[in-house]
Amino acid sequence: MWYGIAADLMVAIHITYVAYVILGQLAIVIAAPMKWQWARNPWFRVTHLGAIAVVAYEAVRGLRCPLTVWEEQLRALAGQTFGGSDTFMGRILHDLLFVENMPEIAFTIGYCGMALLVVQGLIMYPPRWFRVARTAKTDTARPALA
């Protein structure tokens, strides 16, 4: 039972990762013409690029996503088939994330296309890098000691 719940949690984490990439890019596209500064945060932009870059790299190299592998292992420990959750939410989340009978090349093209879109967003609406505040030196005259 606990392994099945852990597998459902793994799918929820996987969905959150995908949502971060997709909704993050949507937020950047909306924020750019509006000049919203939060979308230029370098931590957000670098982690967003890193998230899709990892996925695109795995797809090009033919590597399996570790989140998928861990879900499969947890399902096996729970005595379930992959995608065969005992809970309603687990089935819904799994079906939302995994598309059956789709060629792998379609996913690879989609991941690489999304990575290019994120890079294009970085170029057109670059992050605002943190700056170190400099203190101004003042030349105040000290009173002379008499």
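Computed from the coordinates by the stated procedures, all read-outs in this text should not be read as laboratory data. If you're wondering where the values come from, they're calculated on a predicted model, not measured in any experiment. Cβ coordinates were reconstructed from backbone atoms using ideal geometry, including for glycine residues, and neighbour counts include every protein chain displayed.
Over every pair of different alpha-carbon atoms in segment 1-126, take the mean of 1/r and invert it; report that Kirkwood radius in Å. Before the final figure, lay out each step's value.
Values: mean 1/r = 0.0630 Å⁻¹.
Computed over segment 1-126, the radius equals 15.9 Å.
Under the 0.36 nm per residue contour assumption, what length would be gained going from the current alpha-carbon distance of Arg64 and Asn41 to full extension?
On the way: separation 23, 0.36 × 23 = 8.28 nm, distance 3.05 nm.
Result: 5.2 nm gained on full extension.
Relative contact order for the chain: what percent, with Cα pairs under 8 Å and sequence separation of 6 or more? Don't skip to the end; give the middle numbers.
Values: 105 pairs, mean separation 56.0, N = 146.
Computed value for the chain: 38 percent relative contact order.
Please give the FRET efficiency for Met124 paired with Val99, using the beta carbon to beta carbon distance and R0 = 30 Å, rounded to the nearest 0.05. Please list the in-between numbers first.
Numbers: r = 30 Å, r/R0 = 1.00.
After rounding to 0.05, the efficiency reads 0.50.
Give me Thr108, Thr87, Thr16 sorted ascending by neighbouring Cβ count inside 10 Å, so fewest comes first.
On the way: Thr108 17, Thr87 12, Thr16 9.
In order of increasing Cβ crowding within 10 Å: Thr16, Thr87, Thr108.
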